[in-house]
Amino acid sequence: MIATIKEIIGGAKSLLVGMSITAKYGMSKTVTAHYPFETLDITPNFRGHIDLVVNTKTGKHKCISCMMCQRTCPSGCIEIKAEKPEGAKKKQLVEYHLDFTKCSLCGNCVEVCPTKALEYSNEYNLVGTSRHDFHFELVERVVKRADAMGIVVVEEKAEEPKPEKAAAEAPVGDDNSE
Amino acid sequence: MSDALIQLIIILALALVVVAYAFGNSAILVWVERKLCGHIQRRPGPCEVGPFGLFQTAIDGIKLMGKQIIIPRNADKRLFMVAPVLSFVPPIIALMVIPFSKHVQVRDLDIGLLFVLSLAAMNVLAILIAGWSSANKYSLFGAVRAVAQNVAYEIPLLICLITAVMWTGSLSLGDIVNAQGGTWFIFYPWGFVAFLVYFITGMAETNRAPFDMPEAESELTAGFHTEYAGMGFGLFFLGEYTNMLLMASLATALFLGGYNLPFIELTGDGVMTELLRVFIFLAKAYGMIIVMIWIRWTFPRVRFDQLMNFCWKILIPVSMANLAITALVMKLGEL
Amino acid sequence: MIPHPDPTQETLVLNMGPQHPSTHGVLRVLLKMDGEYVIEAEPVLGYGHRMHEKMGEVRSHNGFYANVGRMDYGGALSFAHGHVLAVERLSDIQVPERAEYIRVITTELNRVASHLLWIGAFLLDLGAFTPILYSFDDREIALDLLEHVTGARITFSYFRVGGVCNDIDEQFIEGTKKFIKRMRERIPMFHKLVTGNIIFRKRVEGIGIIDRDMALRYGVTGPMIRGSGIPYDIRKVEPYSVYPEFDFDIPTYDEGDCMARHKVRMDEIEQSLRIIEQGLEKLPDGPVMMEKVPKKVKSGPGDTFMSVEAARGELCYYLATDGTDTPYRMKIRSPSYSNLSILKEVTSGILLSDLVAVMGSMDLVIPEIDR
């Protein structure tokens, strides 16, 4: 009997303690952000979908079409089209398709790139009405982004040393894969 | 003839006001609940539609009305349709005898309290019908729980009300409020105990968390209204909030002195005094409802057998003893 | 006092799930019930099966980084830790010390986040709606910190064979120190709001008792076995990574009920905070990735077995390889799957409400059970 009464009193006290805590938080300020009108800062390290790095001097991408990223991607979401124009020494990137619906953001492509031509974008608000909205053409995006960044695209033959170094590295990657 | 006609018109007008008030009350209470729970959970709650999100419930109501009414294939169609109405209408009718102030009362019945209780008990019938007719095991579980819970909790509820009735000596709500005057029933120790027990049973009767056994969404998905969509669900929702108002109003009238201020007698029949009285009454009732909301968003749900044990082993003996003590005190006072 | 149900009476079958609020995903529990008493609870699995083990057998070791996070969304880093350690053991790769420290710090931070997720979900199962938002308030900070380092919030893909892909910076260290301080103030709040609450205590004390013997028979691990009084924690009994260098305790409680499991997890948050604190103090300088990272991690034919302590219990990776960079066989022993096997015995004869409480206290993550 006494134990029961003790339990009831103790229980009632614990209930009041709980209520005082919720009351305290109820009075204090809210902690949420009012989303569409108010956004939180996203960390610069955020890993969104991949993008080709824009060379700030030339306004072009750094890709040498070595296909490492396409080969290393575990989900097979990268498709690169490169061709060798008449008389040119090396392959040139024509299209870089990223199927973001398949991507699982492991980051292997960025790490494997010999010329550091890939980066993560900071876009976390990707929305679309169809899955085709997530098939990105990264070469087109480079042109647009260079435009947005206000970089004047420099015409060919301005980048002598880089491609050679890259060309030297590219076969290494091919070797490894065999 | 004309006298009776005027009487009838007044009653009808007041009844209309009360019905409108019941709808408005539900809308406001949903908003209050969402806002309060939001702030308790450290988020702002509804804040987009209208100032402070005040019109959110109106929009939600329109959305619910626009939704298709889905009736499960195996359901008992007629009962399935009747249940939500049965849950919503009786508490509104019961509001007719609540004395919001000296004159703002549709009808002061001599057996007002009995009238209210008999209508309030319809709620469990509605839940039973809803759960049975849905042809869903979860709904049935909810209905079974609701019946057992409400039957059990009606006993201490009645005993507490009898305590108040004994003290004031009337079943008419108007008389009960008048008899309390400046000294509310809750100021006496036996009154306080009766109020406490009534408050707990009231929460259980309206199926509010932590006693929301019939719903218990983590156990029974949504309990008795699992199969209801659109306005069927909306009516249950309205019914729940109207029931809350009814429970709080009864407590206000019986224990908290109704429209009276503590220790001060309000005299006069002017419009301003009447408005003040309505305000006092509603302030008390809504204060209780806010406490109920606060409790809901703080505690976990009790288990069903514990709920029943709590009622039969603690609440009923306590309320019985309280009744006996009240009787004893009254008898000693007479001597 | 719950009377034991009479199985000779009529029974009914209740299908709990795959869409049920308290099965936390797509678990289906087939209940044979006598009124509200559960006579038999039979978990039915496979609704979320995605063949992660098979995927591990067709993808290279590197390609599996993204998969580990999809198995256990609560504590993805523990799963990643087990995987990279297994591959490193298989191909004799030495990891820089700083990388190993960072792995431990982030894994423990992730464990805190996982336990915070659990306490919210558990209380939601018991019908308390508010604590989940308080715990998510804290968890959000932990996830922000992890996002700052790893670039993602849930599915991190952060650990690499040979190190980690990003170094931690001053902002992370400062933020983590602040988080530790904040959590130490918040844990007593949770104890006041939750652990001491009479309704909560009545709901979990003496419910779903797993005694020592039963726990050993079924091979349950993690907080569940520690709630039964057995101090079995891979971090202590079979130390891996740099855990031997840290000073921490293994909280155990003897009761074996839901309350004991709740207390174990609450104490584990504190212990994890201790590990993080020590890790930040001892953090050595140096690279976070080994010098020459092979583009393809190869090893000779052979097999290896690695077990780590995930947030929910013992996680084991078995890798057999035939000399290529792709495992020939990958077997994952995920903790929730083994823990779930005990459900049938624990829940026979208890109420439906208690079944929900027991399942909540098991901290089931369904994607990890179904894999």
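Could you check how much of the accessible area of segment B:202-335 is carbon and sulfur, as a whole percent, using a 1.4 Å probe? Before the final figure, lay out the partial values.
On the way: 3700 of 4790 Å².
Ligands and nucleic acids excluded, carbon and sulfur reach 77 percent.
Could you please report the charge total around B:Ile11, scoring K, R as +1 and D, E as -1 over all other residues with beta-carbon less than 15 angstrom from its beta-carbon? Net charge in that neighbourhood comes out at -1. The residue list B:Val89, B:Ala285, B:Ser172 was ranked by how far each Cα lies along the charge dipole of segment B:71-334 toward its positive end, using unit charges on Cβ atoms, and B:Val89 comes out on top. Annotation: amide H of C:Val38 within the under-5 Å range of C:Gly349, C:Ile350, C:Leu351, C:Leu352, sequence separation 5 or more or interchain, hydrogens built in the peptide plane. Taking A:Glu83, A:Glu38, A:Glu111 in turn, the Gaussian network model of chain A (Cα-Cα springs below 10 Å) assigns the largest fluctuation to A:Glu38.
Using the crude model of +1 on Lys and Arg Cβ and -1 on Asp and Glu Cβ, and no other charge, please compute the dipole size for the protein assembly as shown relative to its Cα centre, in debye to 20. Numbers along the way, then the final one.
Numbers: 87 positive and 99 negative charges, 111 e Å.
For the protein assembly as shown, the charge dipole is close to 540 debye.
Counting Lys and Arg as +1 and Asp and Glu as -1 over every other residue whose Cβ lies under 13 Å from the Cβ of C:Val237, the net charge comes to -1. Projecting the Cα atoms of B:Leu307, B:Met247, C:Phe64 onto the charge dipole of the protein assembly as shown, computed from C-beta unit charges around the Cα centre, puts B:Met247 farthest toward the positive end. Estimated from helices alone, the mean residue ellipticity of the protein assembly as shown at 222 nm is -17000 deg cm²/dmol (sum of -39500 (n - 2.57) over DSSP H runs with n ≥ 4, per residue).
Under the criterion of Cα pairs below 8 Å and six or more residues apart, the relative contact order for chain C equals 26 percent.
Placing unit charges on each Cβ (+1 for Lys and Arg, -1 for Asp and Glu) gives segment C:52-334 a dipole about its Cα centre, and among C:Val161, C:Leu77, C:Ile102 the Cα reaching farthest toward its positive end belongs to C:Leu77. Our coupling estimate for segment C:152-169, obtained by passing each phi through the Karplus curve with A = 6.51, B = -1.76, C = 1.60 and θ = phi - 60°, is 9, 9, 10, 9, 6, 6, 9, 7, 10, 5, x, x, 10, 8, 9, 7, 8, 10 Hz, Gly and Pro reported as x. Both radii were evaluated on the Cα set of the protein assembly as shown; the Rg over Rh quotient, with Rh as the Kirkwood radius, amounts to 1.06. Heavy-atom accessible surface of C:Leu30, to the nearest 10 Å², is about 60 Å², with a 1.4 Å probe and all protein chains retained. Legend: translational diffusion of segment C:45-183 by Stokes-Einstein, Rh = Kirkwood radius over C-alpha pairs, 10 °C, 1.306 mPa s; D = 99 µm²/s.
Here the simple spin-label model places points 7 Å from the Cα toward Cβ, and for A:Arg131 and C:Ile173 these points are separated by 4.6 nm. A viscosity of 1.567 mPa s and a temperature of 4 °C, combined with the Kirkwood radius over Cα pairs in Stokes-Einstein, give a translational diffusion coefficient for chain A of 63 µm²/s. The listed residues B:Ile293, C:Ile173, B:Ile6, A:Ile2 rank as A:Ile2, B:Ile6, C:Ile173, B:Ile293 when sorted by accessible area, largest first, using a 1.4 Å probe. For segment B:216-335, the Cβ-based charge dipole about the Cα centre amounts to some 320 debye (Lys, Arg positive; Asp, Glu negative; other atoms uncharged). Please say if segment C:161-303 is rounded, prolate or oblate, where rounded means a/c under 1.5 for a ≥ b ≥ c the square roots of the C-alpha gyration tensor eigenvalues, and otherwise the choice is prolate for a/b larger than b/c and oblate otherwise? Here segment C:161-303 falls in the oblate category. Of C:Leu315, C:Leu133, C:Leu116, the residue with the greatest mean-square motion in the GNM of chain C, using alpha carbon springs below 10 Å, is C:Leu133. For segment B:50-63, the Karplus equation 6.51 cos²θ - 1.76 cosθ + 1.60, evaluated at θ = phi - 60°, returns couplings of x, x, 6, x, 5, 8, 4, 5, 4, 4, 5, x, 4, 4 Hz by residue, with Gly and Pro reported as x.
Taking amide H atoms as placed 1.01 Å from N in the peptide plane, the amide H of C:His20 lies under 5 Å from those of C:Gly25, each 5 or more residues away in sequence or on another chain. Working note: Cα atoms of segment B:127-243, range along each principal axis, descending, whole Å: 50, 24, 19. On association of chains A and C, roughly 2400 Å² of accessible area becomes buried (total for both chains; probe 1.4 Å).
Ratio to report: Rg/Rh of chain B, with Cα atoms as the point set and Rh obtained by the Kirkwood method; give two decimals. Don't skip to the answer; put the middle values down first.
Details: Rg = 20.4 Å, Rh = 20.9 Å.
Over the Cα atoms of chain B, Rg/Rh equals 0.98.
For chain C, modelled as a GNM whose springs connect Cα atoms under 10 angstrom apart, the maximal fluctuation among C:Asp167, C:Asp144, C:Asp92 occurs at C:Asp92.
With K and R counted +1 and D and E -1, the other residues having a Cβ less than 15 Å from that of A:Phe134 yield a net charge of -4. Percent of C-alpha pairs per 5 Å bin in segment A:1-79, short distances first: 3, 9, 8, 9, 9, 7, 7, 7, 5, 5, 7, 6, 5, 4, 3, 2, 1, 0. Computed over the alpha-carbon atoms, chain C gives an Rg to Rh ratio of 0.98, Rh here being the Kirkwood radius from the mean inverse distance.
Note that segment B:227-235 has calculated 3J(HN,Hα) couplings of 8, 8, 10, x, 6, x, 5, x, 5 Hz, one per residue in order, obtained from phi through the Karplus relation 6.51 cos²θ - 1.76 cosθ + 1.60 (θ = phi - 60°); glycine and proline are x.
Per residue, how large is the accessible surface of segment B:1-112? Use a 1.4 angstrom probe and give square angstrom. Working shown, then result.
Numbers: 6390 Å² over 112 residues.
Value for segment B:1-112: 57 Å² per residue.
Once amide H atoms are built 1.01 Å from N in the peptide plane, which residues 5 or more positions from C:Val161, or in another chain, come under 5 Å H to H? Amide H neighbours of C:Val161, under 5 Å, 5+ apart: none. Distances longer than 16 Å among the Cα atoms of segment A:50-149: what percent of all pairs is that? Looking at segment A:50-149, the distances longer than 16 Å represent 57 percent of pairs.
The values are calculated or read from the model by the stated rules, or taken from the named source; none is laboratory data. Since the structure is predicted, the reported quantities are computational estimates derived from the model, not experimental observations. Cβ coordinates were reconstructed from backbone atoms using ideal geometry, including for glycine residues, and neighbour counts include every protein chain displayed. Note: areas computed on protein heavy atoms with side chains; ligands, DNA, RNA excluded. Shrake-Rupley method; radii C 1.70, N 1.55, O 1.52, S 1.80 Å.
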